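The values are calculated or read from the model by the stated rules, or taken from the named source; none is laboratory data. Since the structure is predicted, the reported quantities are computational estimates derived from the model, not experimental observations. Quick reminder, even Gly has a Cβ in these numbers, built from the backbone with ideal geometry, and neighbours come from all protein chains shown.
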Amino acid sequence: MSTPLRVGIAGLGTVGASVVRLLERQANSLAASTGRTITPVAVSARNKSRDRGIHLNGAKWFDDPVALATSSEIDLFVELIGGDEGPARQAVTAALDSGKPVVTANKALLAKHGMELAQLAEAKKVALAFEASVAGGIPIVKTLREGLAGNEISRVYGILNGTCNYILSRMELEKLSFDACLKDAQRLGYAEADPTFDIGGFDTAHKLAILTSLAFGVAVDSEAIHVEGIEQITLEDLNAADDLGYRIKLLGVAQRTAEGIEQRVHPTMVPKTSSIAQVMGVTNAVTIDADAVKELTLVGPGAGGDATASAVVADIADVARGIRSAPFGLPVAQLQKAPRREMQRHEGGYYIRLSVADLTGAAAAIATRMAERKISLESIMQKSRGGAHGAASGDPVTVVLLTYATSEANIRAALDAALSDGYIVGRPQVIRIERK
């Protein structure tokens, strides 16, 4: 058997502790499959005295993760600190610069600095592996980089944030408000005290930037992503979607178009019959449209200690075997800077919910504004906001429009014109529809 692989782990939170446990539990099978023992020999974390429920078996403690990353006592550096700057970036850069392979679960770091880190890894001829950075235990990175090498991919999209999927699932199934579901998610540990990163769509955007690079052979460009969160989704929207045969999911979507790569994160209506509509709770799912396999959907746990640790350990095993791939599928020099396709040019169907003044001519005026932009309406639903006896005359009524395929620019222009007419009360709700 070859010499042992000495592993240094920075970050002993939920994922880091699970990695230590998994390496211990699977020690024999990992040694048999890789041809060498894999041993955590050094660790670093904020609090040395904290009880994490793990046995470190005499592993050396480092207060400074950068010192751990450059230590001659380790062969592989595992970064589980998190964050796109500070100790995480410094330690990963130091490890690569010293010629050590790196395994990380840090999507924020890769979305912001992935190209420079990949370039450094290539220059030093060491691995930079990040299976755990996207969709937890789902092996989507290896699928795109290796498993689908013979395919031309046209679109990759999915549910990439379990917190948002949990909230939307609970709202739909239990008829609860957004605020009530968010509080429950925080109580259960699915959402942070400040949930903005998750519910605002930014976590999904970081993951989508990585998937886009792997799927289309382009440089990571997180600034090109149009991002919307789920904060404005109401029970009214979920009920309307249900009536129309759809579910609302927060999707990250990247697709190749004639004008460039379109990247977007936003709440989306998907047909109930689609694979991705069946994914509920904290589960993640990624669908890939490609020429040879047609449509491929991977579903699994998108977060949690064991699921994420599973992906981390898979990367560690690859390093133990001596496997080293170009981090983003191609050498950095061959990754194209793809032209961005602006969101205004996105074409598709739209769900539009309006609060409309109950005045003569209001509906006709809105329909006229839609027609001026050549927007064809598939259906119109009108519902009073009143109680059992209906709304009082003049009170706003809810009008739901479902459009055929049109552009984002047309929708926004038509709504701006309708707002200027004075018939619409408050902010229109616009949700895009993915019919396939």
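A few comments on the model shown:
- Where helices (runs of 4 or more DSSP H) fall wholly inside the range 1-118, the ranges with 1 or more residues that are surrounded by 19 or more Cβ atoms within 10 Å (Cβ to Cβ) and at pLDDT below 95 are 14-25.
- Of residues in the range 287-305 being small (Gly, Ala, Ser) and out of contact with any helix residue (DSSP H, G or I) (no Cβ under 6 Å at 6 or more places or on another chain), the one surrounded by the fewest Cβ atoms within 10 Å (Cβ to Cβ): 292
- When the range 242-276 is limited to residues that are at pLDDT 95 or above and small (Gly, Ala, Ser), the one that is surrounded by the fewest Cβ atoms within 10 Å (Cβ to Cβ) turns out to be 254.
- Residues of the range 215-255 satisfying the condition of being touching a residue at least 24 places away in the same chain (Cβ under 8 Å) and of a type in the set (D, E, K, R): 221, 228, 231, 236, 237, 242, 243, 247, 249
- Scope the range 332-388; condition β-branched (Val, Ile, Thr), touching a residue at least 60 places away in the same chain (Cβ under 8 Å) and assigned to a helix (DSSP H, G or I); matching residues: 332
- Of all residues in the range 63-88, those satisfying the criterion of being of a type outside the set (Val, Ile, Thr) and over 25 Å from residue 310 (Cβ atoms) are 63, 64, 67, 71, 72, 73, 85, 86.
- Enumeration of residues in the range 197-224 that are part of a loop (DSSP other than H, G, I, E, B) and either in contact with an Asp or Glu (Cβ under 9 Å, 6 or more places away or on another chain) or among the hydrophobic types (A, V, I, L, M, F, W, C) (or both): 200, 201, 219, 220
- Here 360, 368, 308 are screened, and the one residue that is under 23 Å from residue 107 (Cα atoms) and not basic (Lys, Arg) is 308.
- Going through (1) outside any strand (DSSP E or B); (2) crowded, with 23+ Cβ neighbours inside 10 Å; (3) modelled with pLDDT of 95 or more one by one, residue 284 falls short only on (1).
- The range 147-162, subset in a strand (DSSP E or B) and among the hydrophobic types (A, V, I, L, M, F, W, C), residue farthest from residue 249 (Cα to Cα): 153
- Looking across the range 397-436, the residues that are in a loop (DSSP other than H, G, I, E, B) and in contact with a strand residue (DSSP E or B) (Cβ under 7 Å, 6 or more places away or on another chain) come down to 404, 405, 423, 425, 426, 428, 434, 435.
- Yes/no for residue 308 being outside the structural domain of residue 23 (by TED's automatic domain parsing), exposed (fewer than 15 other Cβ atoms within 10 Å of the Cβ), of a type in the set (S, T, N, Q) and modelled with pLDDT under 95: no
- First in the range 121-140 and farther than 20 Å from residue 190 by Cβ and without any contact (Cβ under 8 Å) to a residue 40 or more places away in the chain, second anywhere and of a type outside the set (A, V, I, L, M) and not in a strand (DSSP E or B), Cβ under 6 Å, 6 or more apart: 124/99
- Per-region count, the range 345-396, residues modelled with pLDDT of 90 or more, out of contact with any strand residue (DSSP E or B) (no Cβ under 7 Å at 6 or more places or on another chain) and farther than 19 Å from residue 410 by Cβ: 0
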